[in-house]
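Some notes on the structure that comes next.
What follows is calculated from the coordinates using simple rules that are stated; it is not laboratory data. In this text the structure is predicted, and so the values were computed from the model without any measurement. Glycine also receives a Cβ, built like all others from the backbone with ideal geometry; neighbour counts cover every protein chain displayed.
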Amino acid sequence: MPDPSDSALVRAARQQPVPHTPVWFMRQAGRSLPEYRALRAEVPMLEACRTPDLVTEITMQPVRRHGVDAAIFFSDIVVPLAAAGVDVDIVPGTGPVVARPVRTRADLDRIPELTPEHVPDITESVRRLVAELGATPLIGFAGAPFTLASYLVEGGPSRNHERTKAMMHGDPQLWHDLCARLAQIALTFLRVQAQAGASVVQLFDSWVGHLGRADYLSHVEPHSRAVLEGVADLGVPRIHFGVGTGELLSVMADAGAEVVGVDYRVSLTDAVARTGGRYAVQGNLDPALLFAPWEPLEQRVREIVREGVAAPGHIFNLGHGVLPATDPGVLTRVVELVHEVSAR
């Protein structure tokens, strides 16, 4: 039987020799693909994420089209919140919107812990995908406590996170209790995916780059660490990724992951130096460069592959997610180029 645990991506995450640099793209399953748009035309996002037939097909679409080295489980970071009973909707053009934001202890008390019984469809979707993917690994993921907390406290996306930071400093006990609850939810969601067969997990912290190092260490790191350490016994490599995290890379690396995700604002060379050369790195092509002519794009892809050689392991990715208007053909060419120039 094909074994995804011996795939190039898992081997790179474990700092083992690889036949080529593995490549996948955050948000590779989604709006850039016409087949995805056709499938999702009449289906709300959260419904699609909870329907195994749709999850399986959408997750597989970029694997078939691009020949990437991993599938990323089609979901959304608020899926486990909705599963636990939070009244949240994903509004097109806006993002997650929470009907009753968390501002008080009573608001927090309304949010129960997540159990596997809340998400049997997630287990079913993962099992179907693992069977279909064969030797290609499936990456499970969850939103990190800080980003989930920000959505819950602000009520939706925020430019400045003022209510979030006000709670963090004005009522630190409520803040820590909220993040502890969200860490339990994220951990359970990751464990469900890994126990159903996901070969890798990623903790995704969209908004953490809005924090300074001191606030991160005091108010966020313990909760992210609880999630990452909580899956250690399952033996799957862990990826820790955040946006705008150049000043946080070293402390994020030490929170308990084998792979540090690097956004496009920091070179892989600097990221390796900041993390002491002890971790595999993932990244970090600027998603906007996929709109540039091929010649400069090719040059940058080659540079990133070269920079990644200095790390003990390198997984090629974007420095954030695929933008909706991206030409899928360009993504396919990037995969082919990475494989070609990195072949051992």
Pairs please, first residue from the range 11-31 and polar (S, T, N, Q), second anywhere and assigned to a loop (DSSP other than H, G, I, E, B), Cβ atoms under 8 Å, 6+ apart in sequence or on different chains.
GLN15/GLU258; GLN15/PRO312; GLN15/GLY313; GLN16/GLY313; GLN28/VAL68; GLN28/VAL322
Taking first residues from the range 125-144 that are surrounded by fewer than 19 Cβ atoms within 10 Å (Cβ to Cβ) and second residues anywhere that are among the acidic types (Asp, Glu), the pairs with Cβ under 9 Å that are 6 or more apart or on different chains are ALA135/ASP3; ALA135/ASP6
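Only one of these is of a type in the set (A, V, I, L, M) and either more than 20 Å from the chain's Cα centre (by Cα) or over 22 Å from LEU182 (Cα atoms) (or both): VAL98, VAL88, VAL79. Name it.
Exactly one residue qualifies, and that residue is VAL98.
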Just to be sure, is THR326 out of contact with any strand residue (DSSP E or B) (no Cβ under 9 Å at 6 or more places or on another chain) and assigned to a helix (DSSP H, G or I)?
no
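May I ask you to verify whether SER224 is under 17 Å from the mean Cα position of the chain (by Cα) and assigned to a helix (DSSP H, G or I)?
Spelling it out, SER224 is indeed under 17 Å from the mean Cα position of the chain (by Cα) and assigned to a helix (DSSP H, G or I).
On the given criteria, is THR164 of a type in the set (Val, Ile, Thr) and either over 23 Å from THR51 (Cα atoms) or in a helix (DSSP H, G or I) (or both)?
On the way: of a type in the set (Val, Ile, Thr): yes; either over 23 Å from THR51 (Cα atoms) or in a helix (DSSP H, G or I) (or both): yes.
Criteria met by THR164.
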In the range 264-279, anything surrounded by fewer than 24 Cβ atoms within 10 Å (Cβ to Cβ) and either small (Gly, Ala, Ser) or within 19 Å of TRP207 (Cβ to Cβ) (or both) is listed as TYR264, ARG265, VAL266, SER267, ALA273, GLY276, GLY277
Residue in the range 200-222 that is over 19 Å from TYR151 (Cβ atoms), surrounded by fewer than 22 Cβ atoms within 10 Å (Cβ to Cβ) and among the β-branched types (Val, Ile, Thr) present
no
